[in-house]
Amino acid sequence: PVIDGIWYRQLASLICEPNTARILFHEPEITPELLANLAALPIPMRTPVIARAAGHLPGAALRIIQWTEIVAARISTRSAKDIQDSIGDSHSLTDLKSRLTKLLDALPALEGPPPRVIRNASRVDPPSQIRTLGRHFKNCLDGFVAAEIDGSNHIYHWRKGKEEAVCAISRSGNLGWFLDSVLGPRNIELNEEALAAVASDFRTVGIHDIK
């Protein structure tokens, strides 16, 4: 496919690195997504296996790097670089899957629910209060109630200045809690500044945005 000039410059930069050049030489198709992912990955992770697994998926490299950082934060004996090097050593897709599974199996159990108060956000637990919050925001929070009760999801009411939002937090096994959605009144998306403030607040306790 024809790609924009900016990607040709990115391609020229990438082929200066021997490992990356070999990947590109053997790739049947060079896409902007592949170039962006290879540029974002640390060199030890620029391998044919990882390129085959996620090279053409938009934003995959940044998500992989974020995943290694989250896992490293949960396993005190491993650093993000150590985990990235280990994943980069995978010699096949099967081996890659095995290494990822072992990392997940090594995660300690979560100790409990996320904090009740996270900077500008307060957890809303009782179903009656969740429904009241839904009426206040004029949106449909009833659907969250059943999931919230089983402990796999939680609702937070975030307020800062004149801005406020309903934030849904979801648990992913023992990997941790993640910011699933952030919506203002009537399910309207917040402006970029407010969204960044919400994400920043939750990151202070290790809760990351999964979008």
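Evaluating Asp180 against the criteria (1) assigned to a strand (DSSP E or B); (2) under 29 Å from Leu62 (Cβ atoms); (3) modelled with pLDDT of 90 or more; (4) open to solvent by 30 Å² or more (accessible area, probe 1.4 Å) leaves one unmet condition, (3).
Listed by first and then second residue, the pairs with beta-carbon distance under 9 Å, at least 6 apart or on different chains, first residue in region 1-22 and more than 12 Å from Leu38 (Cα to Cα) and at pLDDT below 75, second open to solvent by 80 Å² or more (accessible area, probe 1.4 Å) and outside any helix (DSSP H, G or I), are Pro1/Glu29. Total residues in region 71-113 satisfying the condition of being in contact with a Leu (Cβ under 7 Å, 6 or more places away or on another chain) and free of Cβ contacts under 8 Å to residues at least 40 places away in the same chain: the figure is 2.
Against the criterion of being in contact with a strand residue (DSSP E or B) (Cβ under 7 Å, 6 or more places away or on another chain), surrounded by fewer than 16 Cβ atoms within 10 Å (Cβ to Cβ) and not aliphatic (A, V, I, L, M), Pro113 qualifies. Scoring Ile6 on the criteria (1) of a type in the set (A, V, I, L, M, F, W, C); (2) open to solvent by less than 20 Å² (accessible area, probe 1.4 Å); (3) more than 25 Å from the chain's Cα centre (by Cα) leaves a single failure, condition (2).
Would you check if Val71 is β-branched (Val, Ile, Thr) and under 29 Å from Ala168 (Cβ atoms)? Judged against the criteria, Val71 is a match.
Just so you know, in region 32-58 the residues that are assigned to a helix (DSSP H, G or I) and among the β-branched types (Val, Ile, Thr) include one that is surrounded by the most Cβ atoms within 10 Å (Cβ to Cβ), and it is Ile50.
Do you know which of the residues in region 83-106 that are open to solvent by less than 60 Å² (accessible area, probe 1.4 Å) and either out of contact with any helix residue (DSSP H, G or I) (no Cβ under 9 Å at 6 or more places or on another chain) or acidic (Asp, Glu) (or both) is nearest to Val49 (Cα to Cα)? In this case the residue turns out to be Asp95.
Restricting region 116-128 to residues that are outside any loop (DSSP other than H, G, I, E, B) and over 25 Å from Arg203 (Cβ atoms), the residue that is least open to solvent (accessible area, probe 1.4 Å) is Pro127.
Please verify whether region 188-196 includes one or more residues that are surrounded by 18 or more Cβ atoms within 10 Å (Cβ to Cβ) and touching a residue at least 40 places away in the same chain (Cβ under 8 Å). Checking region 188-196: not a single residue is surrounded by 18 or more Cβ atoms within 10 Å (Cβ to Cβ) and touching a residue at least 40 places away in the same chain (Cβ under 8 Å).
The values are calculated or read from the model by the stated rules, or taken from the named source; none is laboratory data. Model, not experiment: these values are computed from the prediction. Glycine gets a Cβ as well: all are built from the backbone with ideal geometry, and neighbour counts include every protein chain shown. Ligands, DNA and RNA are stripped out before the accessible areas are found, and what is left, the full protein with its side chains, is counted by its heavy atoms. Shrake-Rupley method; radii C 1.70, N 1.55, O 1.52, S 1.80 Å.
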